[in-house]
Amino acid sequence: MGAGVNDSSRRATWAMWLGFAALYALHLWLLGRYLSWEMATGPDAISGMGDFATHMNQTTRVLEGLEGWGEGWVYDPFLLAGHPTGTIFDADNKGWEIFAWLGTKIGWSVEEGHTRFIVLTHLSVPGLIFFAAWCLRLVPAARLVAVALGIGLWYFDSFSHWCWWAGMVAYDLGAVFFLVPLVTFWRYLESRRVGWALVCGLSLGLAHLIHPYVFFMLAPGMLVWFWRAWSSLDRKGRAWVFAIAGITLAMNAWWLLNAARFWHYILDSAYYGQSGLRFLFADYASLLLNPETSGLLGTRTGFRFLAWGLGLVGLWLWTQRGDSRAPGLRVSLGGMLVLAYLGGYLSATQQIQPYRFVLPAAFLAVLPAASFAVEGVAALRERGWRTPASLLTLVLLLPAGQQLTRDITYFMPEQLPAVAKTVDGQASPLGADGYITPNAFRYGLIMPDEALIDWVREHDDGQSRWLVQISFYGEELAWQTKAQVLGGFTHRNVGHSWANFFRRRPQGIATPAELRAYFETYAVGWVVVPEPNHWLWKVPNPELELVATIGWTKIFKTRIQPQLIEAGGGRIEVDTNSLRVRGSDPRAHVRLRFHWMETLRCRPDCRIERGEIDGVDPVGFIEIPAPHPADFEVYNAYEFGGG
């Protein structure tokens, strides 16, 4: 009898692994439809549109800091008239940056490391979900159902697909990876084995490096489990829980400390991901209300609501049975759903863009959902498929399957049949899915034309700045050239971003006098306007001269004499962490049109003061009081206090 049980167990294990292999093959096939082999393995960065260019620019600068100064941040004079890169705004990019930096140690370029992180993110999703299901002790069939649901969410839930397509890759990965520290924490409390505590601590630290918002995904559920286990834990057991927190802090202290030091520059972050109860109805009905919340694509949420529906019932059953898994998962899932659809009403939660949490809520739900689905199918089979309950279930599966099919085909328009021509021979303006311009939302190198990048490199002399209108164009020019760019991500949540004219005036509309004042303040020599029919294209302005047109992009030269050194004379040489002035008047007060920063110092025999800019930019410019050498350098000393 024992041998028979063992044989049956081995067959079930083999069946599970064969099922996982089949699901992973499906995952790879789907990935191949959205990410080509050439892009995945090529030398170029997946950059350009969306957040990709921002993250690539951040990674480039941070790697300069790590290689040149052993620090994970720099004073970046090439963007926004000088600002600290690697401190606050890139808190969601730390894991990506570290991965790219480690990649350089094995011979990858920065671009290759950037792209390999994206590839690894996609490749890891089924394994992470399977591991989480195994840790929660789901039966083999439920593990496979969880992976299948997770794959459906990854590719065919609109917010998930938007995140990894538009550059929010780290958040997408965090929304899956957070399951690992969550379920290993439960395993530690169940087993009291130190190994689980170590796995939890290390994965928790890594999760926060991937994206800091995992804190809000994890803290409620873990605290509930800890509180319920408190009385049964001895002193050593409690100490290991605090050690888990300590490991996490130790792995993240280096960037948290920098963020705290620069926190006084923080600005409002409540521009994206804002929601309310009406978004719950809109998501259910597949309606697009605000692309700044749910993405610039059709709302497709069938897999999400399937996971939530099955998951909530599964958690209810676990709760009824007194299952120890239920309390933490229930609080985590419920908390994220409340945050996602009610967080937009509170100013504090608006800052973490609450709609984002629909995604981890969906991936968490697949675990109890899979358990309930397998249990429900087993119950139906036991009672027979001809019972009223079974027949009703089968009938209800028809509209559910129809909704999922619609979601899948929305992201696979090339698989749809061609629409017949009209009787007069004209091609239909609509595709089979009813849309005029179907889009599979595949990865592509959507970025400025190489001719534009070459033109900027050729004409930049390092003595003036380039105002760039479209955000990712600004980021691309900032990391691909040595041009000093006023632009990039418009709503960077640091005060330095007010140097970007398009943050002050989103449409770029201003009087000639206002434009001239701005150009003079920030030493703007060039204006790059890629957007067709932009106001700056259509309205002749005496402060601008059209000098080139490259594709859709128009390049204007300003009619001022831009001066990066406002007073004191001389010429400036700009590099990361360094501003070198040559030939200034030692008796004159020097004012540099670069943002002041606490860690900047002057050498030799000179000192730095902070000067006001205008009523908008709160940071201030660098001033060097006389006397000072004719040649001096302002550099990042990485020292706070003093001067």
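Values computed for the structure shown
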item	result
Separation between Cα centres of the range 218-237 and the range 547-595, rounded to whole Å	58
For the range 108-238, alpha-carbon Rg relative to the globular expectation (2.2 N^0.38 Å, N residues)	1.15
Descending semi-axes in Å of the range 333-387, equivalent ellipsoid built from Cα gyration tensor	37, 9, 6
Projected-area average for the range 1-157 over all orientations - Cα convex hull basis, square nanometres	12.6
Rounded to 5, the percent of DSSP beta bridges in the range 450-558 classed as antiparallel	60
Share of alpha-carbon pairs per 5 Å distance bin for the range 450-558, given as whole %	2, 12, 25, 29, 20, 10, 1
Highest to lowest packing among 285-298, 376-389, scored as the average C-beta count within 10 Å	285-298, 376-389
The range 361-392-the range 104-170 distance, computed between alpha-carbon centres (Å)	26
Dipole magnitude (debye, nearest 20) for the range 450-558, charges at Cβ of Lys, Arg, Asp, Glu	380
Reachable lysines, given that their alpha-carbon falls under 30 Å from the alpha-carbon of K554 and they are not under 8 places away in the same chain	K482, K538
Descending principal axes extents, the chain, alpha-carbon based, whole Å	97, 82, 47
Amide proton proximity set for A548, modelled H, under 5 Å, gap of 5+	I555
Volume per residue of the C-alpha convex hull in the range 499-549, rounded to whole Å³	81
Burial ordering of K557, K236, fewest other beta-carbon atoms within 10 Å first	K236, K557
Estimated vicinal HN-Hα couplings, Hz - the range 486-500 in sequence order (Karplus 6.51, -1.76, 1.60; Gly, Pro = x)	9, x, x, 3, 5, 9, 3, 8, 10, x, 4, 5, 6, 6, 7
Those Cys residues of the chain for which no other cysteine Cβ falls under 4.7 Å	C135, C163, C200
On Cα atoms only, tilt of 450-459 relative to the major axis of the chain in degrees	30
Rounded tilt (10° steps) of 471-480 against the dominant C-alpha axis of the chain	70
Packing-based ranking, highest mean first, of 423-434, 589-600 given that Cβ atoms within 10 Å are counted	589-600, 423-434
Under the Karplus curve 6.51 cos²θ - 1.76 cosθ + 1.60, θ = phi - 60°, whole-Hz ³J(HN,Hα) for the range 582-594, x wherever Gly or Pro sits	10, x, 7, 7, x, 8, 9, 6, 9, 10, 9, 7, 10
Listed peptides 148-161, 394-407 by packing density, highest first (mean Cβ within 10 Å)	148-161, 394-407
Label-zone membership for the range 38-74, site R261, 7 angstrom Cα→C-beta point, backbone N under 17 Å	62-74
Gyration tensor (alpha-carbon) shape descriptor, the range 487-643, a/c threshold 1.5	prolate
Cα shape, the range 2-380, gyration tensor, a/c 1.5 rule	rounded
Global geometry of the range 565-636, whether rounded, prolate or oblate, following the gyration tensor of its Cα atoms and the 1.5 cut on a/c	prolate
Dipole axis of the chain (+1 Lys, Arg; -1 Asp, Glu on Cβ), positive-most option in A389, L173, A282	A389
Net lengthening on full extension, D605/K557 (0.36 nm per residue, minus Cα-Cα)	13.5 nm
Cα centroid separation - the range 16-87 against the range 277-318, whole Å	28
Local electrostatic count, A132, Cβ distance below 14 Å [Lys/Arg +1, Asp/Glu -1]	+4
Under-5 Å amide H pairs with M412, H placed in peptide plane, nonlocal only	none
Other-chain or far-sequence residues with amide H under 5 Å of G48's (modelled H)	A53
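Computed from the coordinates by the stated procedures, all read-outs in this text should not be read as laboratory data. Just so you know, these numbers come straight off a predicted model, no measurement behind them. As a convention, Cβ positions derive from the backbone with ideal geometry for all residues, glycine included, and neighbour counts pool all protein chains shown.
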